[in-house]
Structure formats: structure tokens, C-alpha cells
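Participant: Quick one: the structure is below, and I'll ask about it shortly.
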Amino acid sequence: MGRSIAEHLGALGAHVFLAGRTTEEMAASADLIAAAGGRADVDTFDLTDLDRLRAWIDRAATSTGRLDVLVNSAGFGDFDSIVGGDPQTWKGMLEVNVLAVAVGCQAAVLAMRRTGSEGNIITVSSTATLRRDSGVYGATKYAVNCINSTLRRELEDDTIRVTALIPGVFASNFSRHGDPSRIVARADAAGLTGLRLDDSRRLTPEQIVQIQAALPTTMGDTAHVARAVEYVLGLPIELNVEELVIRPQKSLF
């Protein structure tokens, strides 16, 4: 989702700063953005390195003189049971899905205030928050929504808006990490046969793309998520879009 959002905003003329752990994929996105007439800077680091995260946001604002938008899209999920789950995985989810989001928001607000920017902070949550039994992953996304709501209240007198983007199932790498049985069952029912899980019982990235192409109403296109972000950014700064739930036509979850 983050990659689609970055490429879409870059194609609209934005100067995009990309951060993540996979240099090759981000570099490919930067090339696409440049070819479309935008600008892109790439920085590779682990977002749980909070000092690097703060410095990256501050550098983006300092080098351009403004900070118009922060998109918090990094995150991961594990859908194991509470009884059988791995506390180390839970810790990782809390660090990436919650702590990095809170620190990123904090740094962005300070940078936006310092540069006098009319800014937007958009954080990717999940439709897991629409259920009460979505496990530790869902708990991290409940926390994201709480951070968003609290920050929104704190910024009522600022020219900074805060939105929680709440997506269902889209053809992103994240879709590989849950139990794919429901996706495979829907694909089999639609006649897309021959899908097999890899050794880690995950769908491959190629299979995710294949399923999305065959079942566009079941697994959404991340390009549509990018358009939702564009919609939010195009609204007047005095308007708050608190939460935006987006799903493919036939929701799996």
C-alpha cells in the first residue's frame, strides 16, 4: 500500500520521501516517480530505530522547507491464537504498528509546526478494528485508532488534519501473512485452480497478484487505496475526515 501511495502522489507532482527496509523495491518506485515527473528520495532503515525515524522526518521537512503529509503505512500482522501465539512476534507488532506510528506522528507534527505547513497525517489501520476478536494484531490497530483520535483532538487549533485509513483485503504483501485458506477457497470457487502454499504456508507475491487479477471484487487493488489518500489530501484543511473504511466489493474480512 505504501508503495502504491508513494508512486501515485509522486505522479501527481509530489516530492516523495520513501523509507523502509527494501532498497531495491523503493529504488524501483523512485524511478517510476521520476519518470512521471515527480521527485523521490529513498532511505533504508528499520522503523523501530526511533532516532532514525525522527531524523528522517526532520530531514524531509528541512530539505524542502515544508511537510505536507505523513503516511504511516508500515506494519505487519500475525493472526495466531492468544494461547498459541509468540510473545516476541507480539512485541514486534507493538513496536512497528504502534510505537513507530506514535513517534512518527509526533515528529511530523513538530516538523509541520516548525515549517508552518498545512499538513495531513494519514495512518493505515485495519478492518480488524471493526471486530472485537481480532487478536493481538487487532489490538495494535485499535491502538492506532486511539492514537489518531487523541492526536486529532490535540490538533484542533492547528492546520494539521489526522485520518485513519481502514482497509479491508487488498493485494499487498501483507495479504501473504494471514491464514490464506479463505482466499484460496474463494479463488478455487471462482475457477482459479492450482494455487499452492509455499513452505511457510504463505501465498507468494506472484499468487497475490494472480488472485487480485482474477478476483478484483474480492481482493482490492492497492491503486485504489492511493486514490483514497488523494481524496483525503484534496479536501479543505478545515475539514476532518476522521476515518475512511475502504473494502473491495465482496469483503473477505
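Participant: Inside the stretch 142-157, can you point out the residues that are open to solvent by less than 40 Å² (accessible area, probe 1.4 Å) and either among the polar types (S, T, N, Q) or outside any helix (DSSP H, G or I) (or both)?
Facilitator: Once the filter is applied, which keeps residues that are open to solvent by less than 40 Å² (accessible area, probe 1.4 Å) and either among the polar types (S, T, N, Q) or outside any helix (DSSP H, G or I) (or both), the stretch 142-157 yields 145, 148, 155.
Participant: Only residues that are part of a loop (DSSP other than H, G, I, E, B) and farther than 22 Å from residue 167 by Cα: list them for the stretch 103-141, please. Before you say what the answer is, go through the steps one by one.
Facilitator: Taking the stretch 103-141 first, the residues part of a loop (DSSP other than H, G, I, E, B) are 116-118, 125-126, 131-134.
Listed by number, the residues that qualify are 116, 117, 118.
Participant: Only one of (1) touching a Gly at 6+ places or on another chain (Cβ under 8 Å); (2) of a type in the set (D, E, K, R); (3) farther than 17 Å from residue 122 by Cα is not met by residue 68, so which one is it?
Facilitator: For residue 68, the exception is condition (3).
Participant: Could you tell me which numbered condition residue 53 fails, if it satisfies all but one of (1) assigned to a loop (DSSP other than H, G, I, E, B); (2) closer than 23 Å to residue 96 by Cβ?
Facilitator: All conditions are met except number (1).
Participant: When you go through 136, 83, 101, 109 one by one, which is the residue that is open to solvent by less than 60 Å² (accessible area, probe 1.4 Å), free of Cβ contacts under 8 Å to residues at least 60 places away in the same chain and more than 27 Å from residue 238 (Cα to Cα)?
Facilitator: 136
Participant: Any chance you could count how many residues in the stretch 3-27 are aliphatic (A, V, I, L, M), in contact with a helix residue (DSSP H, G or I) (Cβ under 6 Å, 6 or more places away or on another chain) and under 18 Å from residue 171 (Cα atoms)?
Facilitator: Total satisfying the criteria: 2.
Participant: Would you pick out the residues in the stretch 112-124 that are open to solvent by less than 30 Å² (accessible area, probe 1.4 Å) and touching a residue at least 60 places away in the same chain (Cβ under 8 Å)?
Facilitator: Selection gives 120, 122, 124.
The values are calculated or read from the model by the stated rules, or taken from the named source; none is laboratory data. Remember, predicted model here, so these are calculated numbers, not experimental data. FYI the Cβ positions are ideal-geometry reconstructions off the backbone, even for glycines, and counts take in every protein chain you see. Keep in mind that these areas ignore ligands, DNA and RNA; they rest on the heavy atoms of the full protein, side chains included. Shrake-Rupley method; radii C 1.70, N 1.55, O 1.52, S 1.80 Å.
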